[in-house]
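Report on one structure; see the data block that follows.
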Amino acid sequence: MKKISPSILDVKKDELVNYVSTLISWGVSNIHYDVMDNIFVPNVALEYKEIEKIYQKAPRHTMDIHLMVKDVLGYYEMYKNIADIITFHFEAISLDDLNSLIIRAKNDNKKLGLAIKPNTKIEKILPYIKYFSLILIMSVEPGFGGQKFIQSSYDKIFELKKYIKNNKLETILEIDGGVNLDNIKYCFDAGIDLAVVGSYLVKNFSKETIDKLLN
Ligand code: DX5
Ligand code: ZN
């Protein structure tokens, strides 16, 4: 089923709880939380305390945490108790750490997502897909909201969807970066299950926008 996962990166800090609660009241079930360390990407985003506050104050929802950090294992430990799914970058982690995190998450009964930057070839991650609940295709360079969607992302969606189908996997596909009303339909048609929508929704914040994005 096609769904959106609104990113709250560009929402003012004192409006976060309200923004998330309003989205949930409009029927949105997933919220995308961007976490940055100023090392893996040249920016910072939400801090743990801010996300924890939303977890405590907003109605229950699926917390989709996108780690854009180098210390993946450390941040996994920090977020595992509030996250429903924790997505980290393939480019940020050694293969040894990747393998141990897969085992750790299995023991914790925690869902994992694997993200790839626009220049990362999908062939590199194919052997690992079966261990992940979600694959996140970045359609902009990670680090900032409000960038333009990179067109070559569609080919990645097609290829990954084909691989997932051929191998009878349950992994869902998420797209993140520059998604708006003009391109979301093509993303869903290409095989996306979950589309992150950041600045477009912040600028056009209404139930009507959500209905249009999903139709
Ligand atoms: C960027 C983040 C995105 C961002 C998306 O690195 O991962 O989630 O908030 O924002 P838009 O939709 O404006 O590109
Ligand atoms: Zn994100």
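The values are calculated or read from the model by the stated rules, or taken from the named source; none is laboratory data. Computed from a prediction, not measured in an experiment: that's the story for all the values here. Note that each Cβ is placed from the backbone with ideal geometry, even for glycine, and that neighbours are counted across all protein chains shown. With ligands, DNA and RNA removed, areas are computed over all heavy atoms of the protein, side chains included. Shrake-Rupley method; radii C 1.70, N 1.55, O 1.52, S 1.80 Å.
Per-structure values
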| quantity | calculated |
| --- | --- |
| Meets criteria (of a type in the set (S, T, Y), open to solvent by less than 40 Å² (accessible area, probe 1.4 Å), closer than 20 Å to G113 by Cα and away from ligand 2 (no atom under 14 Å from the Cβ)) for T209 | no |
| Count of the range 1-50 residues which are more than 13 Å from ligand 1 (Cβ to nearest atom) and closer than 30 Å to K161 by Cβ | 10 |
| Filtered residue count, the range 183-199, keeping only those that are open to solvent by less than 60 Å² (accessible area, probe 1.4 Å) and more than 13 Å from ligand 2 (Cβ to nearest atom) | 8 |
| Residues of the range 51-84 satisfying the condition of being in a loop (DSSP other than H, G, I, E, B) and either open to solvent by 50 Å² or more (accessible area, probe 1.4 Å) or of a type outside the set (A, V, I, L, M, F, W, C) (or both) | P59, R60, H61, K70, D71, K80, N81, D84 |
| Residue among S5, S100, S29 that alone is in contact with a strand residue (DSSP E or B) (Cβ under 8 Å, 6 or more places away or on another chain), more than 16 Å from ligand 2 (Cβ to nearest atom) and either touching a residue at least 24 places away in the same chain (Cβ under 8 Å) or acidic (D, E) (or both) | S29 |
| Residue in the range 126-134 that is within 15 Å of ligand 2 (Cβ to nearest atom), of a type outside the set (G, A, S) and at pLDDT 95 or above present | yes |
| Some residue of the range 141-151 being among the hydrophobic types (A, V, I, L, M, F, W, C), modelled with pLDDT of 95 or more, on the phi < 0 side of the Ramachandran plot and open to solvent by less than 10 Å² (accessible area, probe 1.4 Å) | no |
| Residue count, the range 9-50 (criterion: farther than 29 Å from S94 by Cα and either open to solvent by less than 10 Å² (accessible area, probe 1.4 Å) or among the aliphatic types (A, V, I, L, M) (or both)) | 7 |
